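Structure, as structure tokens:
Taken together, the values in this text are just the output of simple stated rules run on the coordinates, not laboratory data. Everything quoted here is computed from the prediction, not taken from an experiment. Cβ atoms come from the backbone with ideal geometry, glycine included; neighbour counts cover every protein chain shown.
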Amino acid sequence: MEGGLVEQARDRVGHMNKVGYVKRIISKKRKSFRRNRRPTVPKPLQDLFVTCRETFEGPGTVPSSQNVQKLCHILDTVKPEDFGLSSELQFFKPGNVVKENPRVTYTTIYQCDKFSLCIFFLPAMGVIPLHNHPGMTVFSKLLLGQMHIKSYDWVDPHLPEASSSNDDVSQSQCGLARLKADSVFTAPCDTSVLYPTTGGNIHEFTAITTCAVLDVIGPPYSKQDGRDCSYYRDHPYTGAFPIDGEKEEKEENGRYGWLEEIEMPENSQMDGIEYLGPPITQTSCF
């Protein structure tokens with residue numbers, strides 16, 4: 001499996017061990033995970049796993065509204081402690097600011113061909129750049145911290161790439177996108193859901209404080225199956241666009257942007273650590 005935000009980091013674990021501040025955080029996190037490890041699977045975590053198996057049917061499918069509601073209800077009730085996390089960990093303490101190279105770390109709880117469960121750890125000012133989720137449904141639950149989320153959907157999902165008329169990006173190939181979210185979220189908060197063409201499929205995370213966010217992705221990234229990750233740079237939208245309703249054009253312009261596809265940004269590189277929280281029953285997906 002390769003090509004996604006999660007999979008792109010797998011080959012960089014060696015580099016991770018050379019970064020002093022991250023190495024210290026991982027060491028403390030591993031010890032804390034071991035101290036908090038429970039002999040049995042926490043019910044919320046096992047319920048999450050079982051519901052994911054019922055919800056995700058594989059590539060080319062979108063979960064039913066009933067299953068989406070059920071999974072959101074479970075995610076809304078999970079707590080950091082269900083994954084062996086706590087705000088008392090040094091990583092999440094106020095003032096623990098990484099001044100240089102605030103790389104993102106991730107851990108994979110479970111992954112199969114139909115879905116994956118991952119937690120991303122973002123230091124303060126850490127960024128997961130603007131990226132897409134082709135053919136995927138994604139549930140995001142902020143477990144700890146405060147984060148800014150910005151997201152877009154293509155105005156025309158079938159023709160995302162089109163020549164821009166914006167003077168600032170006239171030499172680039174861009175697509176017009178509708179802004180879906182541009183807000184700050186503080187844990188605990190409701191689960192957010194994005195779909196293959198709606199809900200803010202192209203999004204960016206910026207940590208205001210140190211954060212932990214759980215992502216449930218179905219199906220996972222897979223370059224060989226056409227679900228590779230693309231990255232974008234957004235530009236202000238300054239042209240006129242026909243929009244239903246009677247709102248002023250100036251107000252509506254703020255709801256759109258030109259998205260320019262770019263090469264993988266340097267700050268998209270992540271480092272993986274072993275999941276040492278409470279285990280789940282590793283049953284195969286069917």
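General observations
- For Ala181, the residues whose modelled amide H falls within less than 5 Å of its own, excluding neighbours fewer than 5 places apart on the same chain, are Ser151.
- Protection-proxy order for peptides 200-209, 48-57, each taking the mean of Cβ atoms within 10 Å per residue, highest first: 200-209, 48-57
- Entries of Lys70/Lys93; Lys70/Lys180; Lys150/Lys223 with Cα pairs more than 31 Å apart: Lys70/Lys93
- Sequence of Ser192, Ser116 once ranked by neighbouring C-beta atoms within 10 Å, starting from the fewest: Ser192, Ser116
- Here each label is just a point 7 Å from Cα along the line to Cβ, and for Ser65 and Glu274 those points are 4.5 nm apart.
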